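Trainee: So that we are looking at the same thing, I have put the structure below in structure tokens.
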Amino acid sequence: MAQYDASKYERPSVTVDILVFTVTDEEKENYRKLSEKKLRILLIKRGEHPYLGKWALPGGFVKMDESLDEAALRELKEETNIDDIYMEQLYTWGDVGRDPRTRVISTAYMSLVDSSTLNVKASDDADDAKWFTVSAKTFQEQKNVTENGYILQQLIRLSLSNDEDDLSAVIKTEKIVEGKVTKIKREVIESPDIAFDHAKIIEYGLERLRNKIEYTDIAFNLMPDLFTLTELQQVYEVILGRELLKANFRRKIADMVIETNKYTRDSGHRPSKLFRFNPNWISISE
């Protein structure tokens with residue numbers, strides 16, 4: 001080891017990017033109706049070049065003496081004042097030209113939070129930090145059959161908005177199926193307001209979130225300690241982008257929740273039973 005020359009190989013820089021999702025209530029026009037829920041993601045406005053003034057995911061460079069997880073937690077705290085939250089690795093992005101400064105490989109993390117418990121504020125090299133309502137919809141699709149499979153191309157419009165800003169991007173996905181081998185490619189076609197390749201990272205994060213909510217308890221990270229089953233169903237629906245049948249949904253999550261003896265006290269509504277997350281639901285269902 002004493003003879004090992006660390007300069008023998010070029011060393012790319014390593015960064016972390018964090019997708020922080022939350023679900024919030026829209027203001028009610030009619031107090032007798034339940035609030036509509038919106039899926040949101042936290043973005044920061046860059047205060048430095050490159051992409052000065054553009055919106056991006058919170059994140060930054062990994063230090064030599066810290067792990068990826070430690071770097072993600074540190075950068076999130078430094079740029080948004082958020083800490084001590086659930087977080088998991090999402091994917092590693094390594095396209096050669098993804099950062100104009102140098103060769104940069106980035107590991108993305110995904111986090112789901114109850115935003116009502118957070119005090120978000122920009123700091124470090126971020127000029128601002130805001131929640132954006134986020135959605136991704138396919139607006140063009142083409143499928144070509146090949147000798148051993150098919151190629152499916154989709155154009156997806158990513159939309160992000162709040163009271164002051166409207167951002168959009170177009171991402172092209174290509175799914176190539178050859179026999180038992182499947183490859184998926186993503187490419188940013190348009191992204192005038194979103195820095196780096198973060199548009200496709202967000203789109204991929206949304207897809208993963210929709211998949212994981214079907215078979216894990218990840219959605220409960222978005223809920224307060226006590227909630228109604230209707231509120232929980234609304235969270236599932238806003239993430240999946242479709243309505244769910246009440247009876248089927250309640251059967252599906254029956255083992256995931258614990259009934260309490262408490263009720264809501266909202267004016268204009270009949271009291272509803274409150275539930276909490278059951279951390280032992282997996283052992284019960286097995």
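Trainee: Is at least one residue of segment 70-89 assigned to a strand (DSSP E or B) and under 27 Å from Ile239 (Cα atoms)?
Mentor: Of segment 70-89, the ones assigned to a strand (DSSP E or B) are 88-89.
Going one step further and asking which of them are under 27 Å from Ile239 (Cα atoms), we end up with 88-89.
Yes, segment 70-89 contains at least one residue that is assigned to a strand (DSSP E or B) and under 27 Å from Ile239 (Cα atoms).
Trainee: Looking at segment 209-226, can you tell me whether even one residue there is in contact with a helix residue (DSSP H, G or I) (Cβ under 7 Å, 6 or more places away or on another chain) and among the basic types (Lys, Arg)?
Mentor: Checked against the condition, which is being in contact with a helix residue (DSSP H, G or I) (Cβ under 7 Å, 6 or more places away or on another chain) and among the basic types (Lys, Arg), segment 209-226 yields at least one hit.
Trainee: Is there any pair with a first residue in segment 262-286 that is closer than 18 Å to Leu229 by Cβ and among the β-branched types (Val, Ile, Thr) and a second that is surrounded by fewer than 14 Cβ atoms within 10 Å (Cβ to Cβ) and modelled with pLDDT under 80 whose Cβ atoms are under 9 Å apart and which are 6 or more apart or on different chains, and what are they?
Mentor: Filtered contacts from segment 262-286: Thr264/Arg270.
Trainee: In the list Ser106, Ser111, which residue meets the criterion of being touching a Lys or Arg at 6+ places or on another chain (Cβ under 8 Å), assigned to a strand (DSSP E or B) and surrounded by 20 or more Cβ atoms within 10 Å (Cβ to Cβ)?
Mentor: Numbers: Ser111 fails: touching a Lys or Arg at 6+ places or on another chain (Cβ under 8 Å).
Among Ser106, Ser111, only Ser106 is touching a Lys or Arg at 6+ places or on another chain (Cβ under 8 Å), assigned to a strand (DSSP E or B) and surrounded by 20 or more Cβ atoms within 10 Å (Cβ to Cβ).
Trainee: Listed residues Asp225, Asp266; which is surrounded by 13 or more Cβ atoms within 10 Å (Cβ to Cβ), outside any helix (DSSP H, G or I) and at pLDDT below 95?
Mentor: The match here is Asp266.
Trainee: Restricting to segment 172-205, and then to whatever is within 26 Å of Leu42 (Cβ to Cβ) and of a type in the set (Asp, Glu), can you tell me which residue is modelled with the lowest pLDDT?
Mentor: Asp193
Trainee: In this structure, is Ser159 over 30 Å from Lys183 (Cβ atoms) and surrounded by fewer than 17 Cβ atoms within 10 Å (Cβ to Cβ)?
Mentor: no
Trainee: Evaluate the following for Ile44: is it over 27 Å from Glu243 (Cα atoms), modelled with pLDDT under 95, in a strand (DSSP E or B) and not polar (S, T, N, Q)?
Mentor: So Ile44 passes the test.
Trainee: Same structure again: For segment 238-256, what are the residues that are out of contact with any strand residue (DSSP E or B) (no Cβ under 8 Å at 6 or more places or on another chain) and in contact (Cβ under 8 Å) with a residue 24 or more places away in the chain? Show your work before the answer.
Mentor: First pass over segment 238-256, keeping only residues out of contact with any strand residue (DSSP E or B) (no Cβ under 8 Å at 6 or more places or on another chain): 240, 242-255.
If the condition is that a residue be out of contact with any strand residue (DSSP E or B) (no Cβ under 8 Å at 6 or more places or on another chain) and in contact (Cβ under 8 Å) with a residue 24 or more places away in the chain, then Leu240, Ile253, Asp255 are the ones that fit.
Trainee: Consider segment 166-190. How many of its residues are farther than 16 Å from Phe139 by Cα and surrounded by 19 or more Cβ atoms within 10 Å (Cβ to Cβ)?
Mentor: Final tally of qualifying residues: 1.
Trainee: I've got another one for you. Failed condition for Thr92, given (1) β-branched (Val, Ile, Thr); (2) in contact with a strand residue (DSSP E or B) (Cβ under 6 Å, 6 or more places away or on another chain); (3) farther than 22 Å from Ser191 by Cα, with all others met?
Mentor: So the condition that Thr92 fails would be (3).
The values are calculated or read from the model by the stated rules, or taken from the named source; none is laboratory data. Because the structure is a prediction, the values reported are computed rather than measured. For neighbour counting, all protein chains shown are included, and Cβ atoms are generated from backbone atoms with ideal geometry for every residue, glycine included.
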